[in-house]
Amino acid sequence: MNPFDLVKNLKDIQGTMTKLKEEMASLTATGSSGGNMVQVTVNGQMEMTAIKIDPIAVDPRDVKMLEDLIVAATHNAIEKIQEIIKEKAGPMMSGMDMSKFGL
């Protein structure tokens, strides 16, 4: 293989990765639990950006249930954002071990 082609391909891959990283920052997904009583929004960097709790879910006698709903909604949102990232990264990431990237 021509070494110049290798360098050109590497630069193309770097550019694609930079573009993907910028796109990921703007992605969001909202997960829910308890019939939408709890909704959590995460961005493409797996950061929670918003949480919405229906007042009916706030029962001071059952804080554990609310905690469980928040955890479940967060997991749901993260699963959704991971799917969006996989779809966007698709062909470029084929053959790579995505678990190294937390996906």
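The values are calculated or read from the model by the stated rules, or taken from the named source; none is laboratory data. The structure presented is a predicted model; accordingly, all values stated were derived computationally and were not measured. Cβ sites come from the backbone with ideal geometry, for glycine too, and all protein chains shown count toward neighbours. SASA here: full protein model, heavy atoms, side chains in, ligands and nucleic acids out. Shrake-Rupley method; radii C 1.70, N 1.55, O 1.52, S 1.80 Å.
All but one of (1) touching a helix residue (DSSP H, G or I) at 6+ places or on another chain (Cβ under 9 Å); (2) within 25 Å of Glu87 (Cβ to Cβ) hold for Ala77; state the number of the condition that does not hold.
(1)
Need pairs with beta-carbon distance below 6 Å; first residue touching a residue at least 24 places away in the same chain (Cβ under 8 Å) and within the range 53-72, second buried (at least 16 other Cβ atoms within 10 Å of the Cβ); sequence gap 6+ or separate chains.
Leu66/Ala57; Leu69/Ser33; Leu69/Gly34; Leu69/Val38; Ile70/Val38; Ala72/Ser33
Taking the conditions exactly as written (at pLDDT below 95, of a type in the set (Val, Ile, Thr) and open to solvent by 50 Å² or more (accessible area, probe 1.4 Å)), does Val71 satisfy them or not?
Spelling it out, it is not the case that Val71 is at pLDDT below 95, of a type in the set (Val, Ile, Thr) and open to solvent by 50 Å² or more (accessible area, probe 1.4 Å).
Hey, any hits in the range 29-41 for a residue that's under 17 Å from Ala89 (Cβ atoms) and in contact (Cβ under 8 Å) with a residue 40 or more places away in the chain?
For the range 29-41, residues under 17 Å from Ala89 (Cβ atoms) and in contact (Cβ under 8 Å) with a residue 40 or more places away in the chain: present.
Filtering the range 11-68 down to residues that are of a type in the set (D, E, K, R) and under 19 Å from the mean Cα position of the chain (by Cα), which residue is least open to solvent (accessible area, probe 1.4 Å)?
Glu23
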